[in-house]
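Written below as structure tokens is the structure these notes are about.
All of the numbers you see were taken from the coordinates with simple rules; none came from a lab. Quantities reported herein were computed from a predicted structural model and do not represent experimental measurements. Quick reminder, even Gly has a Cβ in these numbers, built from the backbone with ideal geometry, and neighbours come from all protein chains shown.
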Amino acid sequence: MSAPSRKTKLLRVFAALVFLAPAAFAAPAVDAKFVDVWSRMDEFNAWRGVRKADAPREFRHQKNEDLDGLVGSFMEANQNTGLIVLKGDALLAERYQYGRTPEHRLASASVAKTVLAMLVGIALHEKKISSIDDLASRYVSDLKGHPYGETSIRHLLTMSSGIAVESENRLIVNTLRQKTQGGADTVLEWKREAPAGTRFRYNSADSEVLGLVLFHATRTPVATYLSEKIWQPMGAEANATWLVDKGGFETGFCCINARLRDYARFGMLLANYGRLDGRQIIPEAWVKAATTAEAPHLAVGTATPNNGYGYQTWLTHKTEPRFAALGLHGQAIFVDPASKLVVVHAAAWTDGNDRAARGRQFKLFEEILSKVQSS
């Protein structure tokens, strides 16, 4: 098929602007520069590519007027750049604003942590990781003698390392800003303050080390492993990128850049416990373990007042197997395996940790779930 002409491309842009204009004028004020940068993170940072599928897996478009109103009202009141509602393979709603379109690669922030956890499960299944009770130093020799080297993969997965939480900005400076040589050098400043496995403490450095473990265990760049094991098998429609540090190691704690529809495809893969079209892409037992609290300190209401924690994945309900991948400034993938519902947010919150805005995302998910269950 030949490439679209310049006239065709302009018509597509015009159509997108016409479609998006009402929401864009009604939406709350937002930092336009922030919106722009978070749609082009791989133009300002080093990255490695994630390859799309040869044949993308298509969605069915299914009109739902009740959801249209609900989603439209939410977009008008919140700093979302995009929002998708998916049930099974049916795309029930897809909205963008602030000039974003389906073609933009949107930053994942810490949503990448959940992607990383699924790759660890695949590596375990392939016996490239012997056990999640192995210490990190078994795979990352540069961490021998360091507190992180003496921490198990299990405790990295569950944010139970006992390592003191340093400033998130320090990790960003050490990795994306390339103030260290990369790899293990990015976390050498971190110190232990509690025994591993005794408490939950959200610590992005745990994820950074987990990414290094995965790289050394598989002897494959993490972005390449993602391409081969998840992105292509799930039918991704577009190439993605994963930012890297000075040494060329992917930032395990963040920084995938992808189309919103491909985040939705990943969410649906998790809703199906790793299975798609008869093929088990991620081991079912792993997805279930990753979305379950395996220790009392990880339970919903104990890990945090409202949520629990699995393997780099938030648990969002005390009795139902609902979970989420959450990221700074409002990025989110909410999943309910029982109903096969996935709701994906890309956002540009002014306050990166806006609790009220996150609460509205949770409320929207429950409202959508109620509508799809009753329809």
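When only C-alpha pairs under 8 Å and at least 6 residues apart count, what is the relative contact order of the chain, in percent?
For the chain, the relative contact order is 22 percent.
Just subtract the alpha-carbon distance of K363 and A338 from 0.36 nm times their residue separation and send over the number in nm, one decimal.
Additional length available on full extension: 7.2 nm.
Please compute the net charge surrounding E94, taking Lys and Arg as +1 and Asp and Glu as -1 over other residues with Cβ under 12 Å from its Cβ.
So the surrounding residues net to +4.
Each label point is 7 Å from the Cα along the Cα-to-Cβ direction; what then is the distance between the points at S130 and T198, in nm?
2.7
Output the Kirkwood hydrodynamic radius of region 164-311, Cα pairs only, in Å rounded to one decimal.
Hydrodynamic radius (Kirkwood, Cα pairs) of region 164-311 is 17.0 Å.
Tell me which DSSP H helices of the chain clear both cut-offs, 20 Å or more of axial length from alpha-carbon atoms and a mean Kyte-Doolittle hydropathy of at least 0.5.
6-26, 111-125, 204-218
Distance in nm between label sites at S167 and R275, each 7 Å beyond Cα in the beta-carbon direction?
Result for the modelled spin labels: 4.9 nm.
Output wanted: per-residue J couplings in Hz (rounded whole) for region 186-202, from phi through Karplus 6.51 cos²θ - 1.76 cosθ + 1.60, θ = phi - 60°, x for Gly and Pro.
Each residue of region 186-202 in turn: 6, 10, 5, 6, 6, 10, 7, 10, 8, x, 5, x, 10, 7, 9, 8, 4 Hz.
Two decimals is fine: what is log10 I(q)/I(0) at q = 0.16, 0.26, 0.32, 0.33 Å⁻¹ for region 137-178, from a Debye sum with one equal scatterer on every Cα and no solvent?
Computed log10 I(q)/I(0) values: -0.51, -0.99, -0.99, -0.99.
Once you wrap a convex hull around the alpha carbon atoms of region 253-334, what is its projected area averaged over all directions, in nm²?
Average of the hull's projected areas for region 253-334 equals 6.0 nm².
With N set to the number of residues, divide the alpha-carbon radius of gyration of region 192-275 by 2.2 N^0.38 Å and report two decimals.
Cα Rg divided by the expected 2.2 N^0.38 Å: 1.24.
How big is the Rg/Rh ratio for the chain, C-alpha atoms only, Rh by Kirkwood, two decimals?
Result: Rg/Rh = 0.95.
What residues qualify as long-range amide H neighbours of R40, i.e. H under 5 Å apart, gap of 5 or more or another chain, H built at 1.01 Å from N?
none
Give the aspartates and glutamates reachable from K52 as a straight Cα distance under 17 Å; neighbours fewer than 8 places away on the same chain don't count.
Excluding near neighbours in sequence, the set is D42, E103, E228, E237, D262.
Taking one equal scatterer on every alpha-carbon of region 67-148, how large is log10 of I(q)/I(0) by Debye at q = 0.11, 0.14, 0.17, 0.22 1/Å?
One equal scatterer on each Cα of region 67-148 leads to -0.56, -0.71, -0.82, -1.12.
Compute the relative contact order of region 328-373 as a whole-number percentage, counting only Cα pairs closer than 8 Å that sit 6 or more residues apart in sequence. Let's see the in-between values first.
On the way: 45 pairs, mean separation 17.5, N = 46.
Contact order relative to length: 38 percent.
Report the relative contact order of region 287-375, percent, no decimals, based on alpha-carbon pairs under 8 angstrom and at least 6 residues apart.
About 16 percent, as a whole number.
Express in % the proportion of alpha carbon pairs of region 309-375 at distances exceeding 19 Å.
Details: 666 of 2211 pairs.
Counting every Cα pair in region 309-375, those more than 19 Å apart make up 30 percent.
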